[in-house]
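The values are calculated or read from the model by the stated rules, or taken from the named source; none is laboratory data. All values reported here derive from a predicted model rather than from experimental measurement. Cβ placement follows ideal geometry from the backbone for every residue including glycine, while neighbour counts extend to all protein chains displayed.
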Amino acid sequence: MLHSKLPDIGTNIFSRMTALASECGAINLSQGFPDFPAPQALREAMARHAVQGHNQYAPLAGLAALRETLASQLVNDRGVDCDPDTEITVTPGATVAIYCAITACVQPGEDVIVLDPCYDSYEPAITLSGGRAVHIPLDAQTFTPDWERIESAITPKTRLIIVNSPHNPTGAVFSRHDLRCLETMATRHDLYVISDEVYEYLVYDGAAHHSVLQLEGLRDRSFAVFSFGKTLGVTGWKTGYCVAPPALTAELRKIHQFVCFVAVTPVQQAIADFLQNLPGYPGQLAEDYQARRDRFCSALAGSRFRLTPAAGTYFQLLDYSDISDQPDTVLCDIFARQHGVACIPVSVFSQAPDPEQRLLRFCFAKQNAQLEEAAQRLCKI
């Protein structure tokens, strides 16, 4: 019998809840994807490039036109200069970029700090590299990091810390102060950093996204990971990119070439065209998604759920403490089967969930009619 390298891993919660939503005919607010069309110009560009024959391998690092466009975008949106040839790598999805970065950094027996609740792809990649994930909880109320507690967990074996802002599943957003604390800690202990910034443009209420690329002490030791799936609403195109200094990029590309080699060519062509023609498009996203968040939250005003509007991402947490004391994993099943709304239990994102928390994650990247109907059903609970 094959000895599993991931014996505790099964089908992830997103696939299970999406399948349950389909089985029950429930409104699917579980898996994070928009149910409205991506920009027509983007879709037309994809079709045009495929028909024109741009269907063979792209360069390992990604198409030059796309990498150059991304370098310009980083200057315009973040004030960050980077070399498109030696610091930007296009990958088939942000998850692949994170996997390659972890694999490039972590040696057997080394520790990686992750902040719970954390996205479910981090620990398996650490385990497959022979490392050990060290889970440190975020604040149970605000989901902000306790930097003193995090630093106290660092040992001579600690190689890497993985951070995520805007944060999935909670919607919390790192402040500039948080990144300064991370910079001080990573520099003091000579740690590498993977910064999962796939929701970079989805920050609300006039706040700004702060990237590790903007701080000198983090820029030299960080892999910053981004997703066109999130920014352009094409999660099925599975295309993202990683920005890192030349030495780290070189190591990431060594792994990348044997994991998947290249990202899809006509997708890269289409994204490059779209961003060259509409460079301001990503900056318009926050207004639209905030309106969807506000619509969903306002429609829940008469419910028994408690909530604080999400600061970022396209996920909204609802506290069901006044409704039930059942585990969130049980309640998600009940809500899908009995009330026709599928969501995600927050406890699955933590190694040791807070037993007092009663939180569910709902995706509001949906059409207004879907959000309103889902809220009506939830208000009846």
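Some values worked out for this structure:
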item	result
Checking Gln269 against (1) within 16 Å of Gly240 (Cα to Cα); (2) among the polar types (S, T, N, Q); (3) surrounded by fewer than 21 Cβ atoms within 10 Å (Cβ to Cβ), the condition it does not meet	(3)
Arg78 vs. criteria under 30 Å from Asp220 (Cα atoms), under 23 Å from the mean Cα position of the chain (by Cα) and not hydrophobic (A, V, I, L, M, F, W, C)	yes
Output for segment 3-52, where each listed residue is at pLDDT below 95, among the charged types (D, E, K, R) and more than 19 Å from the chain's Cα centre (by Cα)	Lys5, Asp8, Glu23
Those residues of segment 236-249 which are in contact with a helix residue (DSSP H, G or I) (Cβ under 9 Å, 6 or more places away or on another chain) and closer than 21 Å to Gln214 by Cα, in sequence order	Gly240, Tyr241, Cys242, Val243, Ala244, Pro245, Leu248
Meets criteria (among the aliphatic types (A, V, I, L, M), closer than 28 Å to Asp205 by Cβ, in contact with a His (Cβ under 8 Å, 6 or more places away or on another chain) and in contact (Cβ under 8 Å) with a residue 60 or more places away in the chain) for Ile381	yes
Odd one out for Ile271 among (1) farther than 23 Å from Pro59 by Cα; (2) in the same structural domain as Tyr199 (by TED's automatic domain parsing)	(1)
Helices (runs of 4 or more DSSP H) lying entirely in segment 104-208 (those with 3 or more residues that are touching a residue at least 60 places away in the same chain (Cβ under 8 Å) and closer than 30 Å to Cys343 by Cα)	122-128
Segment 27-63: number of residues that are of a type outside the set (Gly, Ala, Ser) and assigned to a helix (DSSP H, G or I)	8
Lone unmet requirement of (1) over 28 Å from Arg43 (Cβ atoms); (2) touching a residue at least 12 places away in the same chain (Cβ under 8 Å) for Phe258	(2)
Residue count, segment 234-254 (criterion: touching a strand residue (DSSP E or B) at 6+ places or on another chain (Cβ under 7 Å) and aromatic (Phe, Trp, Tyr))	1
Tally, over segment 310-327, of residues that are touching a helix residue (DSSP H, G or I) at 6+ places or on another chain (Cβ under 9 Å) and surrounded by fewer than 16 Cβ atoms within 10 Å (Cβ to Cβ)	3
Criterion violated by Ile136 - all others in (1) surrounded by fewer than 17 Cβ atoms within 10 Å (Cβ to Cβ); (2) closer than 30 Å to Leu29 by Cα; (3) over 18 Å from the mean Cα position of the chain (by Cα) satisfied	(1)
Flag if Tyr204 is at pLDDT 95 or above, surrounded by 21 or more Cβ atoms within 10 Å (Cβ to Cβ) and among the aromatic types (Phe, Trp, Tyr)	no
Residue in segment 295-307 that is over 19 Å from Ile27 (Cβ atoms) and either surrounded by fewer than 16 Cβ atoms within 10 Å (Cβ to Cβ) or modelled with pLDDT of 95 or more (or both) present	yes
Criterion (within 30 Å of Leu359 (Cα to Cα) and not small (Gly, Ala, Ser)) met by exactly one of Pro108, Pro117, Pro156	Pro117
Residue within segment 49-59 that is free of Cβ contacts under 8 Å to residues at least 40 places away in the same chain, assigned by TED's automatic domain parsing to the domain that holds Ala272, in contact with an Asp or Glu (Cβ under 9 Å, 6 or more places away or on another chain) and over 30 Å from Ala375 (Cα atoms) present	no
Of all residues making up segment 1-58, the number that are farther than 16 Å from Ile271 by Cβ and small (Gly, Ala, Ser)	11
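Every residue, every condition in (1) within 27 Å of Asn368 (Cβ to Cβ); (2) hydrophobic (A, V, I, L, M, F, W, C), yes or no:
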site	(1), (2)
Ala224	no, yes
Ala244	no, yes
Gln276	no, no
Ala291	yes, yes
Asp294	yes, no
Leu300	yes, yes
Phe305	yes, yes
Gln316	yes, no
Tyr320	yes, no
